[in-house]
Amino acid sequence: MRDLARLGETGRDDLASLHRDLLDPPAHAARPHIALNFVMTADGRVSYRGRAEIGSRTDRQLMFHLRSMAGAVMIGAGTLRVDPFAPSTVGRDPQPLAVVVSRTGDLPLENRFFRHPGPRLVATSASAPPARVAALRGAGAEVAVFGETDVDLVALMAAVHGRGVRFLLCEGGPTLAGQLLAAQLADELFLTHATLITAEPDARRLFEGALAPAGTARVQRLTLHASPDGERYERSALRYGGP
């Protein structure tokens, strides 16, 4: 039988010192460096009772830390409809660009996104009803069209890069993550392995949707940390192609 290597101890570092290389991320042609940030239950789901509130206080502190280094923070419309979203960073000026991807422009105007102190961008399609677009603009968001019926993520990332954003953090949801993966736009994955078991049959997986990468996609672990209560925090690079 094959021998299996023992994994070393997880790292011990001050949370604020982690991942600071993202302040000077790798350069990509016409797009920022893109990382996904998710928390997953012990049974492999990224939603609990329809929401993404799964992790501990430490997980949220790590999320805030990652936001503090990002030039833009992005989520999909489905996530905005069930969770408040305002990626504000205390003591930071300027605040990160908050981006919501919504093909239809159908968003809850009472969400905290519309009170984010930094710039707010809704990326939509030409098929979004004009009345919804007008309502979004009336609520204080910039609205831009990227594509006819769906949001063209390549064009959106080029526009975000054109604003000077070098590192973009995507916080979900699974459908948007699946689209980024299929387009081979996601470079890294920050995944919190929570201790919670939900056993919800319809809870969502990390990547959802009808699209898939043209070839294989694999994770290459870069770092692994753990909290005293057993929650684990993994950073991985995403690699595309190959066998």
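Computed from the coordinates by the stated procedures, all read-outs in this text should not be read as laboratory data. Here the structure is a predicted model, which means the values were calculated and not measured. Because the Cβ atoms are built from the backbone with ideal geometry, glycine has one as well, and the counts that use them run over all protein chains shown.
Per-structure values
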quantity	calculated
Selection from the range 229-243 of residues that are under 21 Å from the mean Cα position of the chain (by Cα) and part of a loop (DSSP other than H, G, I, E, B)	Glu231
Residue that is nearest to Met74 (Cα to Cα) [pool: residues in the range 9-25 that are surrounded by 12 or more Cβ atoms within 10 Å (Cβ to Cβ) and not aliphatic (A, V, I, L, M)]	Pro25
Flag for Ala16 being aliphatic (A, V, I, L, M), in contact (Cβ under 8 Å) with a residue 24 or more places away in the chain, part of a strand (DSSP E or B) and under 26 Å from Pro228 (Cα atoms)	no
Any hit, the range 32-41, residues being within 30 Å of Asp202 (Cβ to Cβ), assigned to a loop (DSSP other than H, G, I, E, B), touching a helix residue (DSSP H, G or I) at 6+ places or on another chain (Cβ under 8 Å) and in contact (Cβ under 8 Å) with a residue 24 or more places away in the chain	no
Within the range 110-127, considering residues that are over 12 Å from Met74 (Cα atoms) and of a type in the set (Gly, Ala, Ser), the one surrounded by the fewest Cβ atoms within 10 Å (Cβ to Cβ)	Ala126
Qualifying residue in the range 217-228 (condition: crowded, with 18+ Cβ neighbours inside 10 Å, in contact (Cβ under 8 Å) with a residue 40 or more places away in the chain, on the phi < 0 side of the Ramachandran plot and within 18 Å of the chain's Cα centre (by Cα))	no
Failed condition for Leu62, given (1) assigned to a helix (DSSP H, G or I); (2) surrounded by fewer than 21 Cβ atoms within 10 Å (Cβ to Cβ)	(2)
Checklist (1) over 30 Å from Arg163 (Cα atoms); (2) loosely packed, with under 11 Cβ neighbours inside 10 Å; (3) not aliphatic (A, V, I, L, M) applied to Tyr48, failing item	(2)
Residue match in the range 141-154 (condition: surrounded by fewer than 18 Cβ atoms within 10 Å (Cβ to Cβ), touching a residue at least 60 places away in the same chain (Cβ under 8 Å), over 23 Å from Ala72 (Cβ atoms) and not β-branched (Val, Ile, Thr))	no
